[in-house]
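The values are calculated or read from the model by the stated rules, or taken from the named source; none is laboratory data. Being a predicted model, the structure only gives us computed values, none of them experimental. Every residue, glycine as well, gets a Cβ built from its backbone with ideal geometry; the counts of neighbours run over all protein chains shown. All accessible areas refer to the heavy atoms of the entire protein, side chains included, with ligands and DNA or RNA removed. Shrake-Rupley method; radii C 1.70, N 1.55, O 1.52, S 1.80 Å.
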Amino acid sequence: KFDEYIHKSFSRDDRALGALYWAQALYGQGRWEDMVATLEGGVKSYGKTMAAGGLVFWLARAQYELQRYKEVLALLDGFEKRYPQDPFETRVARLRAHSFLALNRTEKALTAFSHFHRKYPRSAEASDNLLDWANVLIQEGKKDEAKNILDQIIHTYATSMAAQKARLTLGRLWVEQKTF
C-alpha cells in the first residue's frame, strides 16, 4: 500500500511523506536493511521536501540498529543546519549521543548530552536525556556530577518515568557510598 501511495502521489512532498511512513513501518518490523535500501534513494530523491529531515533520521536510525555507528554520525553531521526546526531535531541529537557512546567516544557523548540539555530543556526527551547523561557519568566514576543531574530530574520532571528511575539510581548510589 505504501509503494502504491508513493508512486501514485501527485506531489514530491506526498511521495516523501509516504516513504517516511513506509520507513517507520519497516522499523516496527525490525527490517533495517530494507529501511536502508528504501531510504538511501529516498534521501536523495526527496532532499528538498518537508519530510527530508525525517528521512535522514530514519535512515540513521536503521544504520544504528545495524551497528553502523560511523555511518550514523556521517548522516547526522550538520543535520540542524540542513534541516532547521525539523521535528526530528531532538531525536537526532539523542541518536548522535548514543552513537558516540557505541563508538566509545564517551567525552563526545557527554558533550552531546550536555548540549541537548542546554538546547532542548523543555522537549519530551529532556528527562530521558538527563537520565542517560547521569548513567554515563556513573559509568565514568563521576558520581557526584551524576547525583546532581539525578536530583535535577527528580525535581524538574517529578512525574516522569525518568524521575522514578532517577530515584532508584540515586538510592543505589547512596547505598554504595553509604551516604543515607
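Largest accessible area first, the listed residues 31, 15 line up as 31, 15 when surface is computed with a 1.4 Å probe on the assembled protein chains. Mean residue ellipticity at 222 nm, helices only, the chain: -24000 deg cm²/dmol; runs of at least 4 DSSP H residues each add -39,500 (n - 2.57), and the sum is divided by the number of residues. At a probe radius of 1.4 angstrom, the accessible area of the chain per residue rounds to 57 square angstrom. A Cβ-based charge dipole, computed about the Cα centre of the range 38-118 with Lys and Arg at +1 and Asp and Glu at -1, lands at about 100 debye. Take every Cα pair under 8 Å whose residues are at least 6 apart in sequence, average their separation, divide by the length of the chain, and the relative contact order is 12 percent. State, as an integer percentage, the relative contact order of the range 75-149 based on alpha-carbon contacts under 8 Å between residues 6 or more apart. After rounding, I find 21 percent. Just the number, please: carbon plus sulfur as a percent of the accessible area of the range 123-180, 1.4 Å probe, no ligands or DNA/RNA counted. The computed percentage sits at 53.
Taking 153, 138 and ordering them by how much accessible surface each has at a 1.4 Å probe, largest first, produces 138, 153.
Among residues other than residue 89 whose Cβ falls under 12 Å from its Cβ, what is the net charge (Lys/Arg +1, Asp/Glu -1)? Net charge around residue 89: +3.
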